[in-house]
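The values are calculated or read from the model by the stated rules, or taken from the named source; none is laboratory data. Predicted, not measured: the structure shown is a model, and the values here were computed from it. For neighbour counting, all protein chains shown are included, and Cβ atoms are generated from backbone atoms with ideal geometry for every residue, glycine included. For the accessible areas, the whole protein counts, side chains as well, though only heavy atoms, and no ligand, DNA or RNA atoms are used. Shrake-Rupley method; radii C 1.70, N 1.55, O 1.52, S 1.80 Å.
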Amino acid sequence: MLGIDALAPTTGQQVLDIGCGTGLNFSLLQQRVGTSGAIVGIDRSAEMLHQARRRAQARGWNNVILLQADMVLLDPGTIAARIQESGGAAASDAALATYSLSLMGDWQQAWTNMNRLLSADARIGVVDMQDPVGWARWFTPLARLACAAGGSDITAAPWQAVEERCVDVMRASARGGHLQIRAGKRTDNE
Ligand SMILES: C[S@@+](CC[C@H](N)C(=O)[O-])C[C@H]1O[C@@H](n2cnc3c(N)ncnc32)[C@H](O)[C@@H]1O
(Lines give C-alpha, C1' and ligand atoms only; values in the text may rest on other atoms or scores of the structure.)
Protein backbone atom coordinates (compact mmCIF):
# COMPACT_ATOMS: atom_id res chain seq x y z
CA MET A 1 0.00 0.00 0.00
CA LEU A 2 2.65 2.53 1.08
CA GLY A 3 4.92 1.39 -1.73
CA ILE A 4 2.20 1.79 -4.36
CA ASP A 5 1.29 5.21 -2.97
CA ALA A 6 4.93 6.26 -3.24
CA LEU A 7 5.32 4.79 -6.73
CA ALA A 8 2.08 6.47 -7.83
CA PRO A 9 1.53 4.68 -11.14
CA THR A 10 -1.05 6.35 -13.36
CA THR A 11 -3.81 5.28 -15.73
CA GLY A 12 -2.55 3.45 -18.78
CA GLN A 13 0.91 2.67 -17.42
CA GLN A 14 2.60 -0.72 -17.53
CA VAL A 15 4.06 -1.67 -14.14
CA LEU A 16 6.61 -4.41 -13.52
CA ASP A 17 6.04 -6.24 -10.24
CA ILE A 18 9.43 -7.78 -9.45
CA GLY A 19 9.14 -10.93 -7.32
CA CYS A 20 5.37 -10.58 -7.54
CA GLY A 21 4.65 -13.70 -5.50
CA THR A 22 0.94 -14.52 -5.40
CA GLY A 23 0.04 -11.08 -6.73
CA LEU A 24 -0.87 -9.33 -3.50
CA ASN A 25 0.00 -5.98 -5.12
CA PHE A 26 -2.19 -6.50 -8.16
CA SER A 27 -5.48 -5.21 -6.79
CA LEU A 28 -4.06 -1.82 -5.79
CA LEU A 29 -2.01 -1.63 -8.97
CA GLN A 30 -5.14 -2.30 -11.03
CA GLN A 31 -6.89 0.59 -9.29
CA ARG A 32 -4.04 2.83 -10.43
CA VAL A 33 -3.35 1.69 -13.99
CA GLY A 34 -6.90 0.71 -14.99
CA THR A 35 -7.86 -1.53 -17.87
CA SER A 36 -5.80 0.54 -20.32
CA GLY A 37 -2.67 -0.21 -18.30
CA ALA A 38 -0.92 -3.49 -17.58
CA ILE A 39 0.87 -5.38 -14.84
CA VAL A 40 3.87 -7.57 -15.63
CA GLY A 41 4.57 -9.92 -12.73
CA ILE A 42 7.94 -11.66 -12.71
CA ASP A 43 8.78 -14.37 -10.21
CA ARG A 44 11.12 -17.35 -10.17
CA SER A 45 8.60 -19.57 -8.40
CA ALA A 46 6.09 -21.51 -10.51
CA GLU A 47 3.93 -22.08 -7.41
CA MET A 48 3.72 -18.36 -6.64
CA LEU A 49 2.87 -17.59 -10.26
CA HIS A 50 0.18 -20.26 -10.25
CA GLN A 51 -1.51 -18.44 -7.34
CA ALA A 52 -1.02 -15.08 -9.05
CA ARG A 53 -2.60 -16.43 -12.25
CA ARG A 54 -5.58 -17.79 -10.31
CA ARG A 55 -5.99 -14.39 -8.64
CA ALA A 56 -5.95 -12.57 -11.99
CA GLN A 57 -8.39 -15.03 -13.57
CA ALA A 58 -10.78 -14.88 -10.60
CA ARG A 59 -10.90 -11.08 -10.84
CA GLY A 60 -11.18 -11.03 -14.62
CA TRP A 61 -7.96 -9.04 -15.06
CA ASN A 62 -6.96 -9.51 -18.69
CA ASN A 63 -4.09 -7.05 -18.48
CA VAL A 64 -1.80 -9.15 -16.26
CA ILE A 65 1.26 -10.77 -17.85
CA LEU A 66 3.05 -13.34 -15.69
CA LEU A 67 6.55 -14.58 -16.45
CA GLN A 68 8.67 -17.12 -14.63
CA ALA A 69 12.26 -15.89 -14.45
CA ASP A 70 15.06 -15.33 -11.97
CA MET A 71 15.64 -11.58 -11.78
CA VAL A 72 19.36 -12.11 -11.11
CA LEU A 73 19.98 -14.48 -13.99
CA LEU A 74 17.51 -13.43 -16.67
CA ASP A 75 18.42 -11.92 -20.01
CA PRO A 76 16.48 -8.62 -20.24
CA GLY A 77 16.26 -8.81 -24.05
CA THR A 78 14.61 -12.24 -23.88
CA ILE A 79 12.18 -11.12 -21.19
CA ALA A 80 11.28 -7.94 -23.10
CA ALA A 81 10.51 -10.09 -26.15
CA ARG A 82 8.32 -12.39 -24.05
CA ILE A 83 6.43 -9.39 -22.68
CA GLN A 84 5.80 -8.17 -26.22
CA GLU A 85 4.66 -11.63 -27.34
CA SER A 86 2.13 -11.47 -24.50
CA GLY A 87 0.76 -8.15 -25.73
CA GLY A 88 2.74 -5.79 -23.51
CA ALA A 89 5.33 -3.12 -24.23
CA ALA A 90 9.02 -4.03 -24.18
CA ALA A 91 9.78 -1.16 -21.76
CA SER A 92 7.61 -0.62 -18.67
CA ASP A 93 6.71 2.75 -17.16
CA ALA A 94 7.33 1.75 -13.54
CA ALA A 95 8.66 -1.07 -11.39
CA LEU A 96 7.72 -2.19 -7.90
CA ALA A 97 9.68 -4.59 -5.68
CA THR A 98 7.98 -5.37 -2.37
CA TYR A 99 9.83 -7.67 0.05
CA SER A 100 11.58 -9.32 -2.86
CA LEU A 101 14.98 -7.75 -3.61
CA SER A 102 16.32 -8.74 -0.16
CA LEU A 103 15.56 -12.37 -1.07
CA MET A 104 17.47 -12.33 -4.32
CA GLY A 105 21.05 -12.59 -3.13
CA ASP A 106 22.78 -10.48 -5.78
CA TRP A 107 19.99 -7.90 -5.69
CA GLN A 108 22.23 -5.33 -7.41
CA GLN A 109 22.23 -7.52 -10.52
CA ALA A 110 18.45 -7.86 -10.22
CA TRP A 111 18.27 -4.04 -10.00
CA THR A 112 20.37 -3.73 -13.18
CA ASN A 113 18.20 -6.26 -15.03
CA MET A 114 15.04 -4.52 -13.84
CA ASN A 115 16.33 -1.18 -15.15
CA ARG A 116 16.91 -2.73 -18.58
CA LEU A 117 13.19 -3.50 -18.72
CA LEU A 118 12.16 0.12 -18.04
CA SER A 119 11.64 3.26 -20.08
CA ALA A 120 14.16 6.07 -19.56
CA ASP A 121 11.95 8.10 -17.21
CA ALA A 122 10.33 5.22 -15.36
CA ARG A 123 9.70 5.32 -11.62
CA ILE A 124 10.92 2.58 -9.29
CA GLY A 125 9.43 1.69 -5.90
CA VAL A 126 11.10 -0.52 -3.29
CA VAL A 127 9.63 -1.78 -0.02
CA ASP A 128 11.87 -3.93 2.15
CA MET A 129 12.94 -4.65 5.70
CA GLN A 130 15.70 -3.65 8.08
CA ASP A 131 16.29 -3.93 11.82
CA PRO A 132 13.69 -1.90 13.73
CA VAL A 133 14.95 1.36 15.23
CA GLY A 134 14.11 3.52 18.28
CA TRP A 135 11.57 2.05 20.68
CA ALA A 136 10.94 -0.79 18.25
CA ARG A 137 14.56 -2.01 18.44
CA TRP A 138 13.42 -4.37 21.21
CA PHE A 139 11.70 -6.36 18.47
CA THR A 140 14.97 -6.81 16.56
CA PRO A 141 15.45 -10.53 17.41
CA LEU A 142 11.88 -11.25 16.30
CA ALA A 143 12.31 -9.26 13.08
CA ARG A 144 15.59 -11.03 12.31
CA LEU A 145 14.04 -14.42 12.97
CA ALA A 146 11.10 -13.66 10.67
CA CYS A 147 13.42 -12.49 7.88
CA ALA A 148 15.73 -15.48 8.25
CA ALA A 149 12.76 -17.86 8.20
CA GLY A 150 11.55 -16.23 4.98
CA GLY A 151 15.02 -16.36 3.44
CA SER A 152 15.56 -12.61 3.21
CA ASP A 153 18.72 -10.73 4.15
CA ILE A 154 17.74 -8.06 6.69
CA THR A 155 21.03 -6.26 6.04
CA ALA A 156 20.55 -5.97 2.25
CA ALA A 157 18.91 -2.49 2.31
CA PRO A 158 18.01 -2.51 -1.41
CA TRP A 159 16.12 0.80 -1.12
CA GLN A 160 19.56 2.43 -1.01
CA ALA A 161 19.64 1.98 -4.78
CA VAL A 162 16.63 4.28 -5.04
CA GLU A 163 18.42 6.82 -2.83
CA GLU A 164 21.59 6.64 -4.88
CA ARG A 165 20.33 6.13 -8.41
CA CYS A 166 16.96 7.88 -8.61
CA VAL A 167 15.77 11.47 -8.37
CA ASP A 168 12.58 12.94 -6.88
CA VAL A 169 12.78 10.33 -4.11
CA MET A 170 9.78 9.76 -1.83
CA ARG A 171 10.62 8.26 1.57
CA ALA A 172 8.50 6.55 4.19
CA SER A 173 8.89 3.96 6.91
CA ALA A 174 6.55 1.88 9.02
CA ARG A 175 6.53 -0.56 11.95
CA GLY A 176 9.18 1.23 13.94
CA GLY A 177 11.45 1.64 10.92
CA HIS A 178 11.34 -2.10 10.15
CA LEU A 179 9.72 -1.37 6.78
CA GLN A 180 11.52 1.04 4.50
CA ILE A 181 9.73 2.50 1.50
CA ARG A 182 11.36 4.47 -1.30
CA ALA A 183 10.26 5.49 -4.77
CA GLY A 184 11.90 7.72 -7.34
CA LYS A 185 12.51 8.39 -10.99
CA ARG A 186 15.32 6.35 -12.46
CA THR A 187 18.49 7.94 -13.77
CA ASP A 188 20.31 4.69 -14.70
CA ASN A 189 20.66 4.25 -18.40
CA GLU A 190 22.73 1.10 -18.38
C1 LIG B 1 8.29 -12.39 0.26
S2 LIG B 1 7.67 -12.70 -1.37
C3 LIG B 1 6.94 -11.13 -1.75
C4 LIG B 1 5.88 -11.25 -2.79
C5 LIG B 1 5.18 -9.94 -3.18
N6 LIG B 1 6.11 -8.99 -3.74
C7 LIG B 1 4.45 -9.34 -2.01
O8 LIG B 1 4.79 -8.22 -1.58
O9 LIG B 1 3.52 -9.99 -1.53
C10 LIG B 1 9.16 -12.68 -2.35
C11 LIG B 1 8.98 -13.22 -3.77
O12 LIG B 1 10.19 -13.00 -4.48
C13 LIG B 1 10.42 -14.12 -5.31
N14 LIG B 1 11.84 -14.19 -5.62
C15 LIG B 1 12.88 -14.40 -4.77
N16 LIG B 1 14.03 -14.38 -5.42
C17 LIG B 1 13.73 -14.14 -6.73
C18 LIG B 1 14.51 -14.00 -7.90
N19 LIG B 1 15.86 -14.12 -7.86
N20 LIG B 1 13.90 -13.73 -9.07
C21 LIG B 1 12.55 -13.62 -9.12
N22 LIG B 1 11.76 -13.77 -8.04
C23 LIG B 1 12.34 -14.01 -6.86
C24 LIG B 1 9.92 -15.30 -4.48
O25 LIG B 1 9.64 -16.44 -5.30
C26 LIG B 1 8.70 -14.71 -3.83
O27 LIG B 1 7.53 -14.95 -4.58
Can you tell which of R116, R59, R165 shows the greatest fluctuation in a Gaussian network model of the chain with Cα springs below 10 Å? R59
Note down the accessible area of W61, probe 1.4 Å, to the nearest 10 Å². 50 Å²
Considering only protein heavy atoms, what is the solvent-accessible area of F139 at a probe of 1.4 Å, reported in Å² to the nearest 10? 110 Å²
Tell me the carbon and sulfur percent of the accessible area for region 2-186, rounded to whole percent, probe radius 1.4 Å. 51 percent
Give me the accessible area per residue for the chain, probe 1.4 Å, as a whole number in Å². 48 Å²
Run the dipole for region 2-186 about the Cα centre, Lys and Arg Cβ at +1, Asp and Glu Cβ at -1, nothing else charged, and hand back the magnitude in debye, nearest 20. 400 debye
Just the C-alpha atoms of region 4-82: what Rg/Rh do they give, with Rh taken as the Kirkwood radius? 0.95
